[in-house]
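Trainee: Let me begin by handing over the structure; questions about it come next.
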Amino acid sequence: MTHTADVLIVGGSVAAVRAAEAITRHAPELSVTLASDDPHLPYERPPLSKIALTDSLDLAELTYPSVAGLREHGVRFELNTRVTNLDVTSRRVGTSGGDIDYGAVVLAIGCEPILPPMFRDLPNVFVLRRFGDAADLRAAVSDRSRSVAVIGAGFIGGEFAATLAKDGRDVTIVDLAERPLGRFGDLVAAEYAALHRDRGVTLELGDGVVGVEDSVDARVLRLASGRTVPADVILVGIGVRPATQWLEPSGLTLGNGILCDATLRAADRVFAAGDVVQWPNGRFDATMRIEHWTNAAEHGRVAGINAANTVSDLPSIECATVPYFWSDQHGVRIQFAGFLTGSEEVVESREDGGSLFVYRKGDTVTGVIAFERRAEFVKLRALLRRPTLWKAVQPMLPAGAVSM
């Protein structure tokens with residue numbers, strides 16, 4: 001069975017929803033189909049690792065409020081539908097439910113979590129990407145006698161470790177890197193590690209997992225150093241990879257994601273949005289791929305407009321953004337805005353209200369990360385929307401800021 005859509009959106013996360021919103025707002029006359037392999041209507045995913053264990057995990061509360069309006073507008077949701085191939089020439093995709101012909105397509109397919117072979121097929125081993133993952137993980141840790149290990153000190157692992165610590169649970173984070181969040185520099189790594197240690201989280205850093213061993217009544221991770229970590233329940237959060245394998249025969253340029261131009265165009269009448277996109281970001285004159293919610297939302301908006309404009313023979317717009325993320329851990333809001341290459345000078349500002357780290361290359365500010373310090377961060381983030389000189393930022397930092 002084949003049906004036709006003026007614009008087809010593949011995916012079910014924030015990029016897909018924002019694309020649908022943009023199309024219905026800018027070109028309400030166009031028909032839109034959203035095909036997602038998730039069985040649920042699109043829902044917010046960032047809360048999955050943040051919601052306290054004592055609070056309910058309610059899918060209805062997580063579902064994007066705009067979904068109801070999109071359905072009323074006529075957007076067709078094809079759920080539990082896996083897209084298997086893309087034919088750019090015939091403008092058709094194959095799905096588990098039949099073919100869909102399109103006028104333009106937005107690929108908001110995201111990434112898939114990395115699960116090393118040693119953990120596959122083991123019980124009570126989880127990744128955290130979807131609602132079902134979160135529900136199963138929370139059920140597994142509801143037995144307070146079970147030990148919990150988190151592999152990976154990034155934001156997913158850190159957020160879930162924080163929810164466990166808040167509930168009075170023992171939890172260990174294991175990471176091969178000696179410095180968690182090391183791409184932000186030694187100062188931020190030390191701040192992040194201290195945040196977890198001060199709240200009772202055990203950190204095993206600079207040590208890798210070499211095996212999983214079972215005893216009569218417990219399970220442990222065996223580390224390269226010879227140490228062991230209790231691990232009846234394991235959350236693996238070591239990263240993701242673009243979910244592009246099914247696109248290899250399509251002729252799209254693939255590498256570290258789907259390579260697009262500045263308008264998020266990947267091929268004729270094919271656009272992409274979100275974590276899967278590698279594109280030239282004109283704000284920083286750099287090609288990048290960003291795995292953050294706000295970037296996906298902005299990508300979805302731009303890709304949706306451009307897909308609609310292509311069908312309507314209108315010009316496309318470019319996507320130039322300032323990467324931004326936030327994370328809530330142990331009651332502390334961590335926020336970053338900007339783009340780093342690793343060669344920046346870091347200016348550190350510490351106060352009772354939190355820590356602020358500003359990155360600069362010569363006279364140009366390239367980014368800022370804050371542990372709390374929310375009001376100052378908001379101002380600095382706003383400045384970074386355009387090229388920002390150090391002299392414009394320096395007066396905003398309290399006396400005593402230290403350059404490293």
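The values are calculated or read from the model by the stated rules, or taken from the named source; none is laboratory data. Note that the structure is predicted; figures quoted are calculated from it, not measured. Don't worry about glycine lacking a Cβ; one is built from the backbone with ideal geometry, like all the others, and counts go over all protein chains shown.
Trainee: Any residue in segment 262-275 that is in the same structural domain as Asn295 (by TED's automatic domain parsing) sitting within a Cβ distance under 6 Å of a residue that is among the basic types (Lys, Arg)? List the pairs, counting only those 6 or more apart or interchain.
Mentor: Final answer for the pair search is Phe271/Arg265.
Trainee: Cβ-Cβ under 9 Å, sequence separation 6+ or interchain: first residue in segment 69-97 and under 10 Å from Asp37 (Cα atoms), partner among the β-branched types (Val, Ile, Thr) and part of a loop (DSSP other than H, G, I, E, B). Which pairs?
Mentor: That search, which allows pairs on different chains as well, returns Val83/Ile109; Thr95/Thr81; Ser96/Thr81.
Trainee: Looking at (1) free of Cβ contacts under 8 Å to residues at least 40 places away in the same chain; (2) outside the structural domain of Leu389 (by TED's automatic domain parsing); (3) among the charged types (D, E, K, R), can you tell me which one Asp352 breaks?
Mentor: All conditions pass for Asp352, except number (2).
Trainee: Checking the condition out of contact with any Asp or Glu (no Cβ under 8 Å at 6 or more places or on another chain) and free of Cβ contacts under 8 Å to residues at least 60 places away in the same chain, which residue from Arg179, Arg138, Arg183, Arg144 passes?
Mentor: When all the criteria are applied, what remains is Arg144.
Trainee: Okay, next question. Residues that are under 19 Å from Thr4 (Cβ atoms): find the strands (runs of 3 or more DSSP E) completely inside segment 56-137 holding 3 or more of those.
Mentor: 76-78, 83-87, 92-95, 98-107
Trainee: If the requirement is being out of contact with any His (no Cβ under 9 Å at 6 or more places or on another chain) and crowded, with 19+ Cβ neighbours inside 10 Å, which of these qualifies: Gly200, Gly211, Gly206, Gly237?
Mentor: Gly237
Trainee: Any idea which of (1) more than 19 Å from Ile156 (Cα to Cα); (2) modelled with pLDDT of 95 or more is the one Arg289 doesn't satisfy?
Mentor: All conditions pass for Arg289, except number (1).
Yes or no, residue by residue, for (1) surrounded by 19 or more Cβ atoms within 10 Å (Cβ to Cβ); (2) in contact with a helix residue (DSSP H, G or I) (Cβ under 6 Å, 6 or more places away or on another chain):
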residue	(1), (2)
Arg265	yes, no
Phe271	yes, yes
Val276	yes, no
Trp279	yes, no
Gly282	no, no
Thr287	no, no
Asn295	yes, no
Gly300	yes, yes
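Trainee: Next question. Quick one: what pairs do we get from segment 52-67, first residue farther than 20 Å from Ile156 by Cα, second acidic (Asp, Glu), C-beta under 6 Å, 6+ apart or different chains?
Mentor: Note: pairs meeting the criteria are Ser66/Glu21.
Trainee: I need the full set of residues from segment 1-56 which are under 13 Å from Ala307 (Cα atoms), in contact with a strand residue (DSSP E or B) (Cβ under 7 Å, 6 or more places away or on another chain) and among the small types (Gly, Ala, Ser), in order please.
Mentor: Ala5, Ala16, Ala19, Ala20, Ser31
Trainee: Moving on to the next point. Regarding segment 296-307, can at least one residue be identified that is assigned by TED's automatic domain parsing to the domain that holds Lys50, in contact (Cβ under 8 Å) with a residue 24 or more places away in the chain and in a loop (DSSP other than H, G, I, E, B)?
Mentor: As a first pass, look at segment 296-307 and keep what is assigned by TED's automatic domain parsing to the domain that holds Lys50: 296-307.
From what is left, the residues that are in contact (Cβ under 8 Å) with a residue 24 or more places away in the chain are 296-307.
If we keep only those that are in a loop (DSSP other than H, G, I, E, B) too, we end up with none.
No, segment 296-307 has no match at all.
Trainee: Show the residue pairs meeting these rules: Cβ distance below 9 Å; 6+ apart or different chains; first residue within segment 206-219 and in the same structural domain as Glu178 (by TED's automatic domain parsing); second residue hydroxyl-bearing (Ser, Thr, Tyr) and in a strand (DSSP E or B).
Mentor: Final answer for the pair search is Glu213/Thr228.
Trainee: Leu221 - would you say it is farther than 19 Å from Phe119 by Cβ, out of contact with any helix residue (DSSP H, G or I) (no Cβ under 7 Å at 6 or more places or on another chain) and buried (at least 18 other Cβ atoms within 10 Å of the Cβ)?
Mentor: Values: farther than 19 Å from Phe119 by Cβ: no; out of contact with any helix residue (DSSP H, G or I) (no Cβ under 7 Å at 6 or more places or on another chain): yes; buried (at least 18 other Cβ atoms within 10 Å of the Cβ): yes.
Taking the combined requirement at face value, the residue does not satisfy it.
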